[in-house]
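Undergrad: Take a look at the following structure, please.
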Amino acid sequence: MRTKEFLKFFQKLVPIDLLYLLQNIHSNLLFRWILLKGSEPITFSKKSAIVFSPHQDDETFGCGGMIALKREHGIPVTVAFLTDGQSSHGPDSQIKEKIIQIRKQEAVEALEILGVETSKIHFLEKPDGSLQDLQKEQREQTIQQLAELIKSYQPEEVYVPHKKDCHKDHEATYELVKEAIAQVGIEVELLQYPIWLFWRAPLFIMLKVQDIAAAYRLSIESVQDKKTRRSLLLFSA
Ligand SMILES: [Zn+2]
C-alpha cells in the first residue's frame with residue numbers, strides 16, 4: 001500500500017479529534033527534538049539574502065528572526081512573494097480582491113518592522129494555490145521572473161520553504177526557485193525554512209530521515225520582539 005493510500009485508510013479508522021491530538025503530540029516531540037538534539041547551532045552570517053515566500057506570512061514565520069538580525073546589521077535582504085494570498089479565507093471567499101490588498105499592505109508594514117525597505121519587497125501575484133499546477137508557459141515565465149530577481153540582487157543566501165513542507169505552494173516554491181538558480185548559474189547557499197513540516201499529518205510515515213538530517217538552529221533572542229510584533233500584526237486582520 002502506498003503512503004497516500006495508507007494515510008487515507010488510517011484517517012478513516014481514527015476519529016478526527018484523536019488524529020489531531022496524535023498529530024499535535026507527534027509534531028511537538030519532533031520539533032523539540034530537532035531544536036534541542038537534531039540540529040547544529042550556527043553563527044549569524046553577514047551574507048546578503050533573498051527570501052522567497054509563497055504567501056504573505058511565511059517569510060516571518062519561517063525566517064523573520066534572521067531577516068531582523070541581518071537588517072539590524074545593515075545587511076541587504078530582499079523578500080519576494082510568489083502568490084497573491086487570495087485563498088487565506090477559503091477558496092470560495094467573496095472578498096478575494098480585498099484580501100489580496102490587505103495581505104499586501106500587511107506584508108509591507110510587517111517587513112518594515114523587520115527592517116526591510118519597501119523597494120526590496122516584490123510581489124509576483126500568482127494565484128494562491130496554483131504554483132504546483134502552472135501551465136508550461138506560466139511556469140517558465142515564473143522561473144524567468146525569479147531568475148531576474150536573483151540576477152539583479154546577486155544574493156549570497158537564498159531562503160525557500162522546505163522541499164517537503166506539506167503544502168503544494170510551498171513545495172512548488174522550492175522547485176521553482178531551484179530551477180531559477182540553475183538558470184542564472186550562480187553559486188548561492190540555498191537554505192530551507194519549515195512552516196508546515198512539523199505540523200501537518202502524519203509526518204512519521206511521510207518524512208525520511210535524510211529530509212531533516214542537515215538541520216541548523218540560529219538564536220534570534222535579541223530580535224524576538226520584532227518577530228512577535230509582526231506575527232501579531234498578521235493575526236489581527
Ligand atoms: Zn504559506
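The values are calculated or read from the model by the stated rules, or taken from the named source; none is laboratory data. These numbers were taken from a predicted model, which means no experiment stands behind them. Cβ sites come from the backbone with ideal geometry, for glycine too, and all protein chains shown count toward neighbours.
Undergrad: Restricting to region 24-66, name every residue that is crowded, with 18+ Cβ neighbours inside 10 Å, away from the ligand (no atom under 16 Å from the Cβ) and in a helix (DSSP H, G or I).
TA: Within region 24-66, 27, 30, 65, 66 meet the criteria.
Undergrad: Hey, among the residues in region 135-160 that are within 20 Å of the chain's Cα centre (by Cα) and outside any helix (DSSP H, G or I), which one's surrounded by the most Cβ atoms within 10 Å (Cβ to Cβ)?
TA: Per the criteria, the residue is 160.
Undergrad: Let me ask something else about it. Considering 105, 132, 94, which residue is over 18 Å from residue 57 (Cβ atoms) and outside any loop (DSSP other than H, G, I, E, B)?
TA: Checking each option against the conditions leaves just 132.
Undergrad: In this structure, does residue 163 turn out to be within 16 Å of the ligand (Cβ to nearest atom), basic (Lys, Arg) and not in a loop (DSSP other than H, G, I, E, B)?
TA: So residue 163 fails the test.
Undergrad: Here is a follow-up. Criterion first (under 20 Å from the mean Cα position of the chain (by Cα) and farther than 22 Å from residue 224 by Cβ) does residue 119 satisfy it?
TA: Criteria not met by residue 119.
Undergrad: Look through 70, 12, 8 and report the one residue that is closer than 13 Å to residue 115 by Cβ and in a helix (DSSP H, G or I).
TA: Only one candidate passes the filter, namely 70.
Undergrad: In region 78-102, what residues are of a type outside the set (Phe, Trp, Tyr), within 19 Å of residue 178 (Cβ to Cβ) and within 13 Å of the ligand (Cβ to nearest atom)?
TA: Those that are of a type outside the set (Phe, Trp, Tyr), within 19 Å of residue 178 (Cβ to Cβ) and within 13 Å of the ligand (Cβ to nearest atom): 82, 83.
Undergrad: Of the residues that make up region 69-77, is at least one exposed (fewer than 12 other Cβ atoms within 10 Å of the Cβ), more than 16 Å from the ligand (Cβ to nearest atom), of a type outside the set (A, V, I, L, M) and at pLDDT 90 or above?
TA: Within region 69-77 (the criterion being exposed (fewer than 12 other Cβ atoms within 10 Å of the Cβ), more than 16 Å from the ligand (Cβ to nearest atom), of a type outside the set (A, V, I, L, M) and at pLDDT 90 or above), the answer is yes, since at least one residue qualifies.
Undergrad: If you scan region 38-66, which residues turn out to be over 8 Å from the mean Cα position of the chain (by Cα) and among the hydroxyl-bearing types (Ser, Thr, Tyr)?
TA: Residues satisfying the conditions are 39, 43, 45, 48, 60.
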